[in-house]
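Take a look at the structure set out below.
Where a number appears in this text, it was derived from the coordinates with a stated rule and is not lab data. For clarity, every value in this text was computed on a predicted model and none was experimentally measured. Heads up, the Cβs are rebuilt from the backbone with ideal geometry, glycines too, and the neighbour counts pull from every protein chain shown.
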C-alpha cells in the first residue's frame with residue numbers, strides 16, 4: 001500500500017514537472033509571438049541601428065584615415081614608393097571607402113548583437129544564454145580572419161607586381177590597390193565566420209553533426225578548390241594557407257557543434273528535473 005502511494009506521488013510529481021515545463025515553453029512562445037508587420041518593423045529598426053553604428057565607426061576611421069592608410073600599405077614591396085591617383089576627387093573617395101570598410105569592422109559587435117536580438121524572440125530561454133558568446137566569438141573569428149588575410153596579403157601583391165616588371169612600368173592606383181586589399185581581407189574574415197554560421201544552422205535544425213561528418217571528404221575538396229579562386233595571384237602560399245584554415249575551421253565546427261549540443265542537452269535535462 002505504501003509502495004503504491006509512493007509510486008502515485010512520483011507520477012504526480014513528474015506530471016507536475018512536465019506541465020510546468022510546457023507552461024514555461026508556451027509562455028515563451030506567447031511572449032515571442034509577433035505579427036509579420038511587427039517583424040518587418042523590428043527588422044527595419046535593427047538595420048537602422050546597424051547603419052548608425054557603421055556611420056559612427058566610419059567617422060572615427062575617417063579621423064584616423066592617414067594612420068589606417070599607412071597600415072594598409074605596409075604589404076607593398078619597397079619598389080613601390082607611393083600609390084597614384086588619376087581622378088579628380090579620387091583621393092577623397094578612396095579615403096571614404098577605407099573609412100566605410102573600417103566602420104563596418106568597428107561596428108561588427110553591434111551588427112552581431114542586432115542580428116541575435118532579431119532572432120532571439122523565437123528561441124527558448126536556455127538558447128538565449130548563448131547571446132554573449134555568439135557576439136564575442138563572431139567578432140574574434142572575424143578579427144582572426146582579417147588578421148590572417150593581412151599577413152598573407154604580401155604574397156599575392158609581390159607576385160602580381162613582379163609578374164610584369166620587365167615589360168611594364170607599374171603605376172598602381174590607390175583605388176585598385178585598396179579594392180584588392182578589401183576583397184582579400186574580407187574573404188578571409190567571412191570564411192572565418194563559417195563555424196558560427198554552421199553552428200547556428202545546426203541549432204535551427206538545418207544541418208547536423210552527422211551530415212557534416214558524412215560530407216567531410218567532399219567539403220574539404222571543395223574548400224581547397226575554392227581557396228585557389230578566392231586568392232588572386234599565382235603564388236603558392238595564399239591558397240595553401242587559406243585552404244588549411246578552411247579545413248581546420250570545418251573540423252573545429254564539428255567539435256564546437258558537438259559541444260553545444262551536449263551543453264543544450266544537459267540544460268534541457270536539468271530543466272525537466
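For segment 38-265, the C-alpha radius of gyration sits at 1.17 times the compact-globule guess of 2.2 N^0.38 Å, with N the residue count.
Counting other beta carbons within 10 Å of each Cβ, put 197, 94 in order, fewest first.
Details: 197 12, 94 21.
Going from sparsest to densest Cβ surroundings: 197, 94.
Report the gain in length on full extension from residue 80 to residue 143: 0.36 nm times residue separation, minus Cα-Cα distance, nm rounded to one decimal. Walk me through the intermediate numbers first.
On the way: separation 63, 0.36 × 63 = 22.68 nm, distance 2.76 nm.
Answer, rounded to one decimal: 19.9 nm.
Full-extension gain between residue 65 and residue 169, please, as 0.36 nm times their residue separation minus the C-alpha to C-alpha distance. Spell out each step's value before the answer.
Numbers: separation 104, 0.36 × 104 = 37.44 nm, distance 2.82 nm.
Contour length minus Cα-Cα distance gives 34.6 nm.
Would you please put 241-247, 217-223 in order of how densely packed they are, using the mean number of other Cβ atoms within 10 angstrom per residue and starting with the highest?
Working: 241-247: 18.9, 217-223: 12.9.
Descending packing order for the listed peptides: 241-247, 217-223.
Modelled spin-label separation between residue 216 and residue 92, with each label point placed 7 Å from Cα along the Cα-to-Cβ direction: 5.7 nm.
Determine, for 215, 262, 49, 78, the number of other Cβ atoms within 10 Å of each Cβ, and report the residues in order from fewest to most.
Values: 215 13, 262 10, 49 16, 78 5.
By the 10 Å Cβ count, ascending: 78, 262, 215, 49.
One chain, two ends: residue 49 and residue 190. Fully extended at 0.36 nm per residue, the span grows by 48.6 nm beyond their Cα-Cα distance.
For 93, 185, what's the fewest-to-most ordering of other Cβ within 10 Å of each Cβ? Write out the running numbers ahead of the final one.
Details: 93 13, 185 21.
Ranking 93, 185 by Cβ neighbours within 10 Å, fewest first, gives 93, 185.
Across segment 38-265, the relative contact order, built from alpha-carbon pairs under 8 Å that are at least six residues apart, equals 23 percent.
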